[in-house]
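Step one of this worksheet: look at the structure below.
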Amino acid sequence: MALVKCPKKQVNLFYSLDCEELAHKVALLSPHVILQNIKWRSFADGFPNIYINNAEELRGQHVAFLASFSSPAQVFEQLSVIYALPRLFVASFTLVLPFFPTGSFERMEEEGDVATAFTLARMLSNIPISRGGPTSLVIYDIHALQERFYFGDEVLPLFETGIPLLRQRLSQLPDADNVVIAFPDDGAWKRFHKLFDNFSVVVCTKVREGDKRIVRLKEGHVSGHHVVIVDDLVQSGGTLVECQKVLAANGAAKVSAYVTHGVFPKQSWERFLHKSGSLENAFSYFWITDSCPLTVKAIANKAPFEVLSLAGSIADALQI
């Protein structure tokens, strides 16, 4: 017997200030998303003075919050709202946190290391249960899938990926049939290779030579191909730069890159910019999503960067 499809639910979407542009894109793509406002103010001592508009009208409604933990200072004020919204007698609550910022700090290599991925997961696991049950927590391309076990039973983590956006963009390239996917290390291969079943893939690796770690081509052939390096996030970009050099040295016709999360602390994106008239522009394209909104503003209209928006995917996730 066929399952009966439920009607689409109306979702009241609140958002952090950094996510305003992304929230508007989500609402533009979905008639079932209603944008709501929060007054983000501060007291004289710097602590947040926050007001949720239309709080009483949210009773019995589906509610979501689009968050961006772009700095530790922003986490407290947004958590204050995230903890408050489920208590307003809402029918359900969904938290969309496109980038889980402590995801790469998930391990302890020696006694004394603090796994802050677990810390943030515990904070989010304490979101109050709404009338509809546990909070749905939507995260894109978390650094390690095993981090789902860091969350308690009070939240339901939904791990989504930005890779379909990349695949769609690759299909639009004039040399789409010549694209090869490269992974900068074995971790990236394990994380993403099943999402590229119909592509040829190559894998790079880091080997130690004396006191240095050198990037080498571990397996695969790149000669004459447009090679696209795929990873979950970029910080300084050093690994991507070294990987590009190795791929070019092995005959790649072009090299591009994709990361879901363009973190780029200290404006490290500048090292990838195309220079006018230069023949040494290493990356043909550099695709990121809008999971890190401050980066999106910084690299706007700057080659080789292109932004692949998560808005449509978020709109779909809000209906789950």
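The values are calculated or read from the model by the stated rules, or taken from the named source; none is laboratory data. All of these numbers come straight from a predicted model, not from anything done at the bench. Quick reminder, even Gly has a Cβ in these numbers, built from the backbone with ideal geometry, and neighbours come from all protein chains shown. These accessible areas exclude ligands, DNA and RNA; they are computed on the full protein's heavy atoms, side chains included. Shrake-Rupley method; radii C 1.70, N 1.55, O 1.52, S 1.80 Å.
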Test: residue in segment 165-179 that is under 30 Å from V96 (Cα atoms), touching a residue at least 60 places away in the same chain (Cβ under 8 Å) and assigned to a strand (DSSP E or B):
no
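Among what's in segment 165-185 and is acidic (D, E) and open to solvent by 40 Å² or more (accessible area, probe 1.4 Å), pick the residue that is nearest to F196 (Cα to Cα). Steps first, answer last, please.
Here is the first cut: in segment 165-185, the residues acidic (D, E) are 175, 177, 185.
Narrowing further to those that are open to solvent by 40 Å² or more (accessible area, probe 1.4 Å): 177, 185.
Working: D177: 14, D185: 16 Å.
The qualifying residue nearest to F196 (Cα to Cα) is D177.
Y258: open to solvent by less than 50 Å² (accessible area, probe 1.4 Å), closer than 19 Å to V202 by Cα, out of contact with any His (no Cβ under 8 Å at 6 or more places or on another chain) and among the hydroxyl-bearing types (S, T, Y), yes or no?
On the way: open to solvent by less than 50 Å² (accessible area, probe 1.4 Å): yes; closer than 19 Å to V202 by Cα: yes; out of contact with any His (no Cβ under 8 Å at 6 or more places or on another chain): yes; among the hydroxyl-bearing types (S, T, Y): yes.
Answer is yes for this residue.
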Given the criteria among the small types (G, A, S), more than 26 Å from G262 (Cα to Cα) and assigned to a loop (DSSP other than H, G, I, E, B), does G152 qualify?
yes
Looking at the structure I just gave you, is E106 open to solvent by 10 Å² or more (accessible area, probe 1.4 Å) and touching a helix residue (DSSP H, G or I) at 6+ places or on another chain (Cβ under 9 Å)?
yes
Give just the number: which of (1) more than 15 Å from A91 (Cα to Cα); (2) assigned to a loop (DSSP other than H, G, I, E, B) does E21 not satisfy?
(2)
Just name the residue that is nearest to G312 (Cα to Cα) out of those in segment 14-49 that are open to solvent by less than 30 Å² (accessible area, probe 1.4 Å) and among the hydroxyl-bearing types (S, T, Y).
S30
S92 fails exactly one of (1) among the polar types (S, T, N, Q); (2) open to solvent by less than 30 Å² (accessible area, probe 1.4 Å); (3) under 24 Å from I288 (Cβ atoms), namely (3)
Hey, could you check segment 109-164 for residues that are open to solvent by 60 Å² or more (accessible area, probe 1.4 Å), within 20 Å of the chain's Cα centre (by Cα) and among the polar types (S, T, N, Q) and say which is farthest from S309 (Cα to Cα)?
T119
I want to confirm something. Restricting to segment 303-317 and keeping residues that are touching a helix residue (DSSP H, G or I) at 6+ places or on another chain (Cβ under 6 Å) and in a helix (DSSP H, G or I), which single residue is farthest from P7 (Cα to Cα)?
A311
Confirm whether S71 is surrounded by 14 or more Cβ atoms within 10 Å (Cβ to Cβ) and either in contact with a Phe, Trp or Tyr (Cβ under 9 Å, 6 or more places away or on another chain) or at negative phi (or both).
no
Go through the residues of segment 190-213 one by one and say whether even a single one is loosely packed, with under 14 Cβ neighbours inside 10 Å, under 23 Å from the mean Cα position of the chain (by Cα) and of a type in the set (D, E).
yes
Which condition number in (1) within 14 Å of P184 (Cβ to Cβ); (2) open to solvent by less than 50 Å² (accessible area, probe 1.4 Å); (3) more than 27 Å from the chain's Cα centre (by Cα) is the one that E219 fails?
(2)
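In the set K9, K39, which member is in contact with a strand residue (DSSP E or B) (Cβ under 6 Å, 6 or more places away or on another chain), touching a residue at least 40 places away in the same chain (Cβ under 8 Å) and either over 26 Å from G103 (Cβ atoms) or not hydrophobic (A, V, I, L, M, F, W, C) (or both)? First the steps, then the outcome.
Numbers: K39 fails: touching a residue at least 40 places away in the same chain (Cβ under 8 Å).
Selected residue: K9, the only one of K9, K39 that is in contact with a strand residue (DSSP E or B) (Cβ under 6 Å, 6 or more places away or on another chain), touching a residue at least 40 places away in the same chain (Cβ under 8 Å) and either over 26 Å from G103 (Cβ atoms) or not hydrophobic (A, V, I, L, M, F, W, C) (or both).
Among the strands (runs of 3 or more DSSP E) lying completely within segment 186-302, list those that include at least 3 residues that are closer than 26 Å to Q172 by Cα, at pLDDT 95 or above and of a type in the set (A, V, I, L, M, F, W, C). Step through it out loud before you land on a result.
Values: elements: 200-209, 212-219, 226-234, 254-262, 286-289.
Those strands (runs of 3 or more DSSP E) span 200-209, 226-234, 254-262, 286-289.
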